[in-house]
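Right, one structure below, let's go through it.
The values are calculated or read from the model by the stated rules, or taken from the named source; none is laboratory data. Everything numeric in this text was worked out from a predicted model, so none of it was measured. Here Cβ is always computed from backbone atoms with ideal geometry, including for glycine, and neighbour counts include all displayed protein chains. These area figures cover heavy atoms from the full protein model, side chains too; ligands, DNA and RNA do not enter into them. Shrake-Rupley method; radii C 1.70, N 1.55, O 1.52, S 1.80 Å.
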Amino acid sequence: MRIVLLGSPGSGKGTQAIRIKKKFGIPHISTGDIFRDNIERNTTIGMEAKSYISKGLLVPDSVTIQIVENRLAEDDCKDGFLLDGFPRNLPQAEVLDKGLEKTGKKLDAVVNLDVTDEIIIKRMANRRICSSCGESYNLLFSKPAADGICDKCGGKLYIREDDKPETVVNRLSVYRNQTFPLVEYYNKKGILITVNGEDSADKTFLDILSSLERLP
Ligand code: ADP
Ligand code: ZN
């Protein structure tokens, strides 16, 4: 399976990615995670990406596309992958299609998580991430057992810098202007699946699975 996860920031891509990855046994490639890892390790890529991410802007395609191409060339992506956060604009989508075409491959499905801006803003304000294992929590519907502590590993929870309300507004407008056109792009190709991302994570996952079964 070659799947792309689409949806505005905070629509639950990361949460669904964990479930999809388990179900299909495919590697989960999150460009956001790759950038955050690079920022933490102070790499050249990290230093370049940081200024864009903290403003809620897209990292330039020249950087992003290279990272994804390298990752997709790794052996574990041979038979399938789940892309989360890429592509995020039309040029990225076209590069992805062309790259796959070259080796006679194509995407099987693009899963679009549909959530209103109102709910997105609420969710982001309540999102907390584990500083040590990366698990994400939401104080509204998936609270950790102990305040500020990860259930899984005991790590400290933090608020992502780009989840600040000012930055969230920018991320939503970047999504609307640059990423949303991909919904129509993939719809035309007949591989788009849109599911309601406002249900519980488990219900949304079941919707994704049943929609995947219905694809030709
Ligand atoms: P979210 O989906 O919650 O906005 P991500 O973790 O996917 O968060 O991405 C965080 C940030 O990383 C984005 O706001 C953007 O600055 C950068 N980024 C991630 N993926 C891409 C991409 N494909 N192209 C450009 N920038 C990206
Ligand atoms: Zn943890």
Residue under evaluation Asp84, criteria (1) within 14 Å of ligand 1 (Cβ to nearest atom); (2) within 21 Å of Lys21 (Cβ to Cβ); (3) free of Cβ contacts under 8 Å to residues at least 60 places away in the same chain, criterion not met
(3)
Which of the residues belonging to segment 161-195 are in contact with a helix residue (DSSP H, G or I) (Cβ under 7 Å, 6 or more places away or on another chain) and open to solvent by 60 Å² or more (accessible area, probe 1.4 Å)?
Glu161, Pro165, Asn170
Give the residue, chosen from Asn177, Asn187, Asn170, that is over 29 Å from Ala49 (Cβ atoms) and more than 16 Å from ligand 2 (Cβ to nearest atom).
Asn187
Having 3 or more residues that are among the aliphatic types (A, V, I, L, M) is the bar; report the strands (runs of 3 or more DSSP E) wholly within segment 54-149 that clear it.
109-114
Within segment 130-159, residues being within 25 Å of Val4 (Cβ to Cβ) and in contact with a strand residue (DSSP E or B) (Cβ under 6 Å, 6 or more places away or on another chain) number 2
Select from segment 57-71 the residues that are over 23 Å from Leu172 (Cβ atoms), free of Cβ contacts under 8 Å to residues at least 24 places away in the same chain and not hydroxyl-bearing (Ser, Thr, Tyr) and list them in ascending order.
Gln66, Asn70
Residue that is farthest from Asp37 (Cα to Cα), among those in segment 126-153 that are at pLDDT 90 or above and within 13 Å of ligand 1 (Cβ to nearest atom):
Asn138
Between a first residue in segment 166-194 that is part of a strand (DSSP E or B) and a second residue that is among the β-branched types (Val, Ile, Thr), which pairs have beta carbons less than 6 Å apart while being 6 or more apart in sequence or on different chains?
Leu192/Val110; Ile193/Val111
Every residue in segment 120-135 that is on the phi < 0 side of the Ramachandran plot and buried (at least 16 other Cβ atoms within 10 Å of the Cβ), please.
Ile120, Arg123, Met124, Ala125, Asn126, Arg127, Arg128, Ile129, Cys130, Glu135
Identify the single condition in (1) modelled with pLDDT under 90; (2) open to solvent by 70 Å² or more (accessible area, probe 1.4 Å) that Glu198 does not satisfy, given that it satisfies every other one.
(1)
Can you tell me how many residues within segment 58-81 are away from ligand 1 (no atom under 12 Å from the Cβ) and among the small types (Gly, Ala, Ser)?
2
